[in-house]
1. Write out, first by first residue and then by second, each pair whose Cβ atoms fall under 8 Å of each other, whose residues are 6+ apart or on separate chains, and whose first residue, in the stretch 263-277, is near ligand 2 (Cβ under 9 Å from one of its atoms) while the second is part of a helix (DSSP H, G or I).
2. Filter the stretch 333-355 down to residues that are in a loop (DSSP other than H, G, I, E, B) and more than 16 Å from ligand 1 (Cβ to nearest atom) and give me whichever is surrounded by the fewest Cβ atoms within 10 Å (Cβ to Cβ).
3. Can you name the residue in the stretch 209-227 that is of a type outside the set (A, V, I, L, M, F, W, C) and either within 15 Å of ligand 1 (Cβ to nearest atom) or part of a helix (DSSP H, G or I) (or both) and, of all such residues, is least open to solvent (accessible area, probe 1.4 Å)?
4. Anything in the stretch 228-250 that is of a type in the set (V, I, T) and surrounded by fewer than 22 Cβ atoms within 10 Å (Cβ to Cβ)? List them, or say none.
5. Mind checking which residues of the stretch 367-388 are over 20 Å from N314 (Cα atoms), assigned to a helix (DSSP H, G or I) and open to solvent by less than 90 Å² (accessible area, probe 1.4 Å)?
6. Looking at the stretch 357-366, which of its residues are away from ligand 1 (no atom under 16 Å from the Cβ) and buried (at least 21 other Cβ atoms within 10 Å of the Cβ)?
7. Please tell me if F22 is within 17 Å of S345 (Cβ to Cβ) and outside the structural domain of D307 (by TED's automatic domain parsing).
8. I need a count of the residues in the stretch 87-121 that are within 16 Å of ligand 1 (Cβ to nearest atom) and outside any loop (DSSP other than H, G, I, E, B).
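The values are calculated or read from the model by the stated rules, or taken from the named source; none is laboratory data. This is a predicted model, so every value here is computed, not measured. As a convention, Cβ positions derive from the backbone with ideal geometry for all residues, glycine included, and neighbour counts pool all protein chains shown. For accessibility, only protein heavy atoms count, side chains too; no ligands or nucleic acids. Shrake-Rupley method; radii C 1.70, N 1.55, O 1.52, S 1.80 Å.
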Amino acid sequence: MSEFFKDIPEIKFEGKDSTNPFAFKYYDAKRVIMGKTMEEHLPFAMAWWHNLCAAGVDMFGQATADKSFGQTPGTMEHAKAKVDAGFEFMKKLGIKYFCFHDVDLVPEADDINETNRRLDEISDYILEKMKGTEIKCLWGTANMFGNPRFMNGAGSTNSADVFCFAAAQVKKALDITVKLGGRGYVFWGGREGYETLLNTDMKFEQENIANLMHMAVEYGRSIGFKGDFYIEPKPKEPMKHQYDFDAATAIGFLRQYGLDKDFKMNIEANHATLAGHSFQHELRVSAINGMLGSVDANQGDPLLGWDTDEFPCNVYDSTMAMYEILKAGGLTGGFNFDSKNRRPSYTFEDMFHAFILGMDTFALGLIKAAEMIEDGRVDNFIKERYSSYNDGIGKKIREKSTSLTECADYACKLKKPELPGSGRQEYLEGVLNNIILR
Ligand code: XUL
Ligand code: CO
């Protein structure tokens, strides 16, 4: 079998003073931080779609990158060459997981029975390839947004026939995920939303999405899937209004329809910022609701209002993300680089540079988040800030052993409260700079 990335060596850790473009500066897989190795903290995954399929096509121009891997796109030979290239790529970077949509793995046929046959063939091939490696599947999903049949949604479609096609795809994607030992299964509501209420029964559409998810849970558990199902929230794009707007909305939906025991969140950084939140906010909302599952690691561009899926380079963001994740006790899933090279970065070298950047950004974020926690200034400040609830009336409020009348009597006796104390935001931002830049 040919080597696809011949000129690129195995990527090793060389430390922050290295100028080798093909070396990690911060990601040192075996380094122990807060009792776990970096690779245990950071189960990185390669997204099949961006890395092995996307070639730089945008609405104004053609592909710039060659992802044919020596075969004719649209054939099973090409599908297998992508597997070979993907495994070589992951091995060279020390990446232990991958994520896929059904149609990333094989070209979709006109007849779903033929697509399913192709999926059986490619998953046998991947399974064979996994033998003797440490590479595993992080999560699988079904692409229920690209094909024209899904123009009005999948679970939320107006057509019962299309709903059944969505069900068929979820069933097969679950089969393949279980076959490949996947840790999770993702629902990203690609076209689960609406363009105008003039043609939309919103309540029915949402009930039907939940319906499809219940069917998926029932089927998944029946074939031995023990992992988490995930919702990946996103507020807009492709639809104007998407039903899984953000973590809070998705968690409310899961609770309303009794799906919260089987589902967690897969939080994507760029989706968070599209929703007008920070990545950290979405992680916190998920964590405090016991629903932090997995992460799609990328970043958006604050100057652009769409999903640019850039490789993460912002260390402030990765530090605050890792602070949330460490405090939540880690992820049940991993860090999937749902990120793509910029269109003019079209070479194989660029693919490696992108992953080295992303992995180093999260490794440095992990190092700095651990330093923040060990430093203690931020956590101690927060603890102190709420200390009025440690005794007296505050303690009673915390313990829910008081009433509106008792609190009101207390206030009247006091006549006028002291100001609640400075938030010290600028001081704390200085602490953060001090830790990140030292
Ligand atoms: C789209 C997106 C998807 C999901 C999987 O914005 O993030 O690639 O991660 O369907
Ligand atoms: Co994503």
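1. Pairs found: H271/E282.
2. Residues of the stretch 333-355 in a loop (DSSP other than H, G, I, E, B): 333-334, 338-347.
Pick out the ones that are also more than 16 Å from ligand 1 (Cβ to nearest atom) and you get 342-347.
Numbers: R342: 13, R343: 16, P344: 10, S345: 16, Y346: 17, T347: 13.
In this case the residue turns out to be P344.
3. Of the stretch 209-227, the ones of a type outside the set (A, V, I, L, M, F, W, C) are 211, 214, 218-222, 224, 226-227.
Remaining after also requiring either within 15 Å of ligand 1 (Cβ to nearest atom) or part of a helix (DSSP H, G or I) (or both): 211, 214, 218-222.
Numbers: N211: 66, H214: 80, E218: 136, Y219: 59, G220: 0, R221: 86, S222: 86 Å².
Selected residue: G220.
4. T249
5. Filtering the stretch 367-388 for residues over 20 Å from N314 (Cα atoms) gives 374-388.
Now restrict to residues that are assigned to a helix (DSSP H, G or I): 374-375, 377-385, 387-388.
Of everything in the stretch 367-388, those that are over 20 Å from N314 (Cα atoms), assigned to a helix (DSSP H, G or I) and open to solvent by less than 90 Å² (accessible area, probe 1.4 Å) turn out to be D375, R377, V378, D379, F381, I382, S387, S388.
6. In the first step, residues of the stretch 357-366 are kept if they are away from ligand 1 (no atom under 16 Å from the Cβ); the result is 357, 359-366.
Across the stretch 357-366, the qualifying residues are M359, D360, T361, F362, A363, G365, L366.
7. Details: within 17 Å of S345 (Cβ to Cβ): yes; outside the structural domain of D307 (by TED's automatic domain parsing): yes.
Criteria met by F22.
8. Taking the stretch 87-121 and keeping what is within 16 Å of ligand 1 (Cβ to nearest atom), we get 97-105, 108.
In the following step, the residues that additionally are outside any loop (DSSP other than H, G, I, E, B) were identified as 97-105.
Count: 9.
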